[in-house]
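The values are calculated or read from the model by the stated rules, or taken from the named source; none is laboratory data. Here the structure is a predicted model, which means the values were calculated and not measured. Neighbour counts run over all protein chains shown; Cβ positions are idealised from the backbone, glycine included. The accessibility values were calculated without ligands, DNA or RNA, using every heavy atom of the protein model including side chains. Shrake-Rupley method; radii C 1.70, N 1.55, O 1.52, S 1.80 Å.
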Amino acid sequence: MTQAPLFRQITDFANRADPYPLYTELRRTPVLHEEEGGPYVVSSYYDIEALLHDPRVSSDAANLAASEDDGLGMGDETGGLPPSFLRLDPPEHDRLRRIANSAFGPPHQPRRIENMRGELDGIVTGLIDGFGDAREVDLVDQFAYPFPVTVICRLLGVPREDEPRFRSWVDPLVATLDPDTRRSADPEFVKTAQESRMQLGMYLAGLVEQRTKEPQDDVLSDLANSRGPDGAMTMMEVLSTAVLLLIAGHETTVNLITNGMLTLLRHPEVLGRLREDPGLSVRIVEELLRYEPPVQIVPQRTCITDIELRGTTIPKGSRIWLMIAAGNRDPERFKEPDRFDPDREDIQHLGFGSGIHSCFGAPLARLETQIALSELARRLENPRLVEDPPPYRPNAVLRGPRHLNVAFDGLR
Amino acid sequence: MPADHVEWIRREGRIVIVGASLAGLRAAETLRAEGFTGELTLIGDEPYEPYDRPPLSKAALLGMASPRHTELPHRREIDAKWRLGVPASGLDLSAKRVRLADGDEVEYDRLLIATGVRARPWPKEAEARLDGVFLLRTRDDATRLLQKLKAGPRRVFIIGAGFAGCEVASACREMGLQVTMAERAGAPLVGALGGVIGAVAADLQTENGVDLRTRVTVTALEGDTSGRVRAVHLSDESVVEADVVVVSLGSLRNTEWLTGSGLGAGPRGIACDAGCRAFDFRGIVTDDVFVAGDVARSPHALFGYQFLSLEHWGNAVAQAETAAHNMICRGADRRPHLWTPAFWSSQFRVNIKSVGVPPMGDQIMITQGSLAERRFVGVYGYQGRVIAAVSFDNNRWLEFYRRQIERGAPFPVEFPTMDRRPEGRQPVPADFPDPSLPTHGPTVTLSGYSPADQQLVFTPARH
Ligand SMILES: Cc1cc2nc3c(=O)[nH]c(=O)nc-3n(C[C@H](O)[C@H](O)[C@H](O)COP(=O)(O)OP(=O)(O)OC[C@H]3O[C@@H](n4cnc5c(N)ncnc54)[C@H](O)[C@@H]3O)c2cc1C
């Protein structure tokens, strides 16, 4: 039997629970190109970092050579909305990201995230109290998903009760990020994605319109009424930014929290230390972002000229996959990379990416996960994994358990 | 046996560090991290535990961080004897002793000198003593200056438009104060970044309301009868009334205490080899005296083995780590200090960063963004090589240019880059006032990523 190409084994669901041995194999060939028209897969820490800062590497699908286009190019995918800044290059990217950033962080909103601490604590307490007398919960459905969703809704100014509606649009959109679904893209799939994006856009348009008239203290209002040195966003830009923030604002954190609890349950001594010292959550979250990053692959890069990397030339217009999770466990960069060790001296992971597209929501994601994990550690009595490994979500890019059943003796 | 000697020093030797600031602290931490278990002493003339200086001309002046609270975070326990508030006053190389101003003496087996630099004072002493005339180097300087600025002076006059001067101007404007800044060259930052970038810096200053006077020098500071500064006289015969004067004329190296010690220490710093070992005045390398940080002058392979003195935060950290490593290592395990110079600044909310040695460049091209928008990356070239790069509000790309410098990548930059504008297709003269170009030699490049595995690749000159 011939082995499938490595990059296909990675997207193969069968390997979802533990892709790390495959990543180890990947790193043996620093620039792996297995199939005509297939991606150039880059998996070592320093190479990924270099490419994330390389001004010859584009995030704009328009720069893909025609032969590499997988039929899900911009025009098809967007459902009428322009691409978000995540899929744009400078200077457009910079302009939109700056406006969006001014709604989130310093200098315009220096404490918007930090001020949410009390509120985050409250949401977490409420969710854990909600476990009631149960002695077993699905941590994804009952905690790791509702928590960040509630937070991003509050922050953006999206009514929490609308969650079931937007979830039905978000799920197909998230599926488009999965290289495997993309490859098998049938017209039906493309159509659903387009429609979802359009529906979500229309839904948000209603909210934005209202905020234009009556601004409130939320990010949608700030986006709709931005008047900084960069001028205002157009309505369409506001919408694609809002779609991005809504999706990115929770899809990744769910996995970070779930991967986090899974890892802690597999390392009970660390869980015990966290129970005694909530301050350890800062280091634990950083190490998690290295050890089990929620975004495992950045599959959306293209080079605008031939690039030479470790003796291989990546031709102009090729698709490049940056294997974040493989880089994070590169022994060239980290001692004992496969060991989960929050006491590590320098945890300069690629979990939030690096360069101009580095994760915008990092401060929020960090804070949410620190609070979530330390509170779970503190309150669950004698928590145990019911199933190891747990069932995974299909996505190879946004990787994490679909369910995480945890048994415990009671709540503290 | 020398090998055993090193092992002995590691285990029970006495290491003394003079200069208890950034480089001193990081060296101490590295020594412990790498297994030094002997006696460690840190000597510092300031009465404080090591603190961070960059915020003193930025956040601290804006009241966003108190100048009293910029302590450097400790990376680990260092279990050291601290001798704070007492300067070292002399060094006996043969007896291996540091003399302290209070008469004490401290013996060492290995010594690290990290005494940094101090601000160059206004040369006319009587004028420098006027109330309202400030320098900015230490926490105490910042505290005093901040207090004065908070009292709402009518005008602040800044002498010298280098990085520090520009940062102070920016902070003062943000506090709503009237500011005049005088500079001998044609624009701010010209010495560090050249005239092309200096012009951008000049626009930045004037647009933000700074009264910028270029191509002038200050001739005198005038005080009133009660000894307070009240006006500044300029070489163009103009007089500017000001009640605060910040003297920002660069720095002097803290080497006087080494006079007569036989060490190769002078106004240009302490020369050392690539492994941070100090030279004596005969140019012979010592084996037990090491140097790191602003006070050091060390040869850099990437830049023609010129002796560079860098007043850069990152250099102080990297050099301290290398020095500490080498202090407790055998010869073959020692590492060269191959840090690629990098510097950052922030003024008027613009984030400026440079890598490499811009003043060595004779040409510049804008490879990303545009000067007019003040968001760009400029690349400096010297004799067909990329030698430095600078960014305004574009610092996330600089990592790439650092690798280009380290690899000796060709200049001009021919390949396409994102956001390349027509103005950036051709190199133009970088316009440094007094280019001190190194002589042309063979090409040396860096390979490897971490300090531990960086290697030099030597390409002989082609004739
Ligand atoms: C206001 C300001 C802003 C800055 N901003 C930036 C920036 O944005 N980016 C950047 O890269 N760098 C910046 N720097 C430079 C950076 O702070 C220095 O490069 C760094 O502090 C150097 O560290 P060092 O330990 O070598 O020297 P220092 O920090 O100067 O420490 C030397 C110490 O030794 C003490 N000492 C001197 N003589 C003796 C003696 N005889 N005995 C005992 N102790 C002695 C000194 O008092 C001092 O405490 C800035 C510096 C200042 C002052």
message: Could you work out [θ]222 nm for chain B from helices alone, using -39500 (n - 2.57) per DSSP H run of at least four and dividing by all its residues? Round to the nearest 500 deg cm²/dmol.
response: -6000 deg cm²/dmol
query: Cα to Cα, under 23 Å, and not fewer than 8 places away if on the same chain: which lysines meet these conditions relative to B:Lys58?
result: B:Lys148, B:Lys150, B:Lys353
- line: HN-Hα couplings for the stretch A:332-342 via Karplus (6.51, -1.76, 1.60; θ = phi - 60°), in whole Hz with x for Gly/Pro, come out as 5, 10, 10, 6, 6, x, 8, 9, 7, 9, x
field: Shape metrics for the stretch B:78-160, restricted to C-alpha atoms - Rg then Dmax, Å
entry: 18.4, 56
Built amide H within the under 5 Å cut-off of B:Ile158, gap 5+: B:Thr180, B:Met181, B:Ala182, B:Val246
Shielding of B:415-422 by partner chains, average beta-carbon count, 10 Å: 5
message: For the stretch B:15-46, which GluC sites (Glu not before Pro) pass both filters: DSSP loop (anything but H, G, I, E, B) and at most 15 other C-beta atoms within 10 Å?
response: B:Glu34
message: How large a share of the accessible area of the stretch A:6-411, in percent, is made up of carbon and sulfur atoms when the probe is 1.4 Å and the other protein chains stay in place?
response: 50
query: Where does each of B:Trp339, A:Trp169, A:Trp321 land when they are ordered by accessible area, with a 1.4 Å probe and the largest first?
result: B:Trp339, A:Trp169, A:Trp321
query: Between B:Ser251 and residues 5 or more places away or on another chain, which pairs have amide H atoms under 5 Å apart, with H built 1.01 Å from N, and which residues are they?
result: B:Arg120
message: For chain B, place one equal point scatterer on every Cα, skip the solvent, and apply the Debye formula. What is log10 of I(q)/I(0) at q = 0.10 Å⁻¹?
response: -0.79
query: Calculated FRET efficiency, A:Thr29 and B:Asp224, Cβ-Cβ r, R0 60 Å, to nearest 0.05?
result: 0.20
- prompt: Other chains near B:372-381: what is the mean number of their Cβ atoms within 10 Å of each residue's Cβ?
  reply: 1
- prompt: Just how much of B:Leu252 is accessible, in Å², when a 1.4 Å probe is used and the result is rounded to the nearest 10?
  reply: 50
query: Can you work out ³J(HN,Hα) from phi for every residue in the stretch B:53-60, in order, using Karplus 6.51 cos²θ - 1.76 cosθ + 1.60 and θ = phi - 60°, giving whole Hz and x for Gly and Pro?
result: 8, x, x, 5, 9, 10, 3, 5
- prompt: Got the relative contact order for the stretch A:6-411 handy, in percent, Cα pairs under 8 Å and 6 or more residues apart?
  reply: 27
Buried area at the A-B interface (accessible, heavy atoms, 1.4 Å probe, summed, Å²): 1900
- prompt: Applying the Karplus parametrisation 6.51 cos²θ - 1.76 cosθ + 1.60 with θ = phi - 60° to the phi angles of the stretch B:336-341, what ³J(HN,Hα) value in whole Hz is obtained for each residue in order, glycine and proline being reported as x?
  reply: x, 8, 10, 4, 7, x
- line: Taking r as the C-beta separation of B:Leu93 and B:Asn351 and R0 as 56 Å, the FRET efficiency to the nearest 0.05 is 0.80
message: Quick query: amide H of B:Leu112 versus all other amide H atoms, modeled in the peptide plane; which residues come in under 5 Å with a sequence gap of 5 or more or a different chain?
response: B:Val16, B:Ile17, B:Val18, B:Phe290
statement: Of the candidates A:Pro331, A:Ile347, A:Ile307, the farthest towards the positive dipole end of the stretch A:307-349 (Lys/Arg Cβ +1, Asp/Glu Cβ -1, centred on the Cα centre) is A:Ile307
task: Give the longest segment of chain A that steers clear of GluC sites (Glu not before Pro) in DSSP loops with at most 10 neighbouring Cβ atoms within 10 Å, not counting the sites themselves.
output: A:37-344
- prompt: What nm value, rounded to one decimal, do you get for the distance between B:Thr259 and A:Lys335 when each label is placed 7 Å out toward the C-beta?
  reply: 4.6
- line: Computed over chain B, the relative contact order (Cα-Cα under 8 Å, seq sep at least six) in percent reads 13
- request: Once you have a ≥ b ≥ c as the square roots of the Cα gyration tensor eigenvalues for the protein assembly as shown, tell me rounded if a/c is under 1.5, and otherwise prolate or oblate according to whether a/b is larger than b/c.
  value: prolate
message: Only helices at least 24 Å long along their own axis, judged from Cα atoms, and with Kyte-Doolittle mean hydropathy of -1.0 or greater: name those in chain A from DSSP H.
response: A:187-213, A:235-266, A:362-379
query: To the nearest 10 square angstrom, what accessible area does B:Thr340 show with a 1.4 Å probe?
result: 10
- request: Once you've got the GNM for chain A with C-alpha springs shorter than 10 Å, pick whichever of A:Lys191, A:Lys213, A:Lys316 has the biggest mean-square fluctuation.
  value: A:Lys213
- line: Any lysines whose Cα falls less than 21 Å from that of A:Lys213, other than same-chain ones fewer than 8 residues away, would be none
message: Averaged over its residues, how many other protein chain Cβ atoms are within 10 Å of peptide A:88-98's Cβ atoms?
response: 3
field: Shape category assigned to chain A from the gyration tensor of Cα positions, a/c cut at 1.5
entry: oblate
query: If you average the sequence gap of Cα pairs under 8 Å that are 6 or more apart and divide by the length of the stretch A:279-402, what percent do you get for the contact order?
result: 31
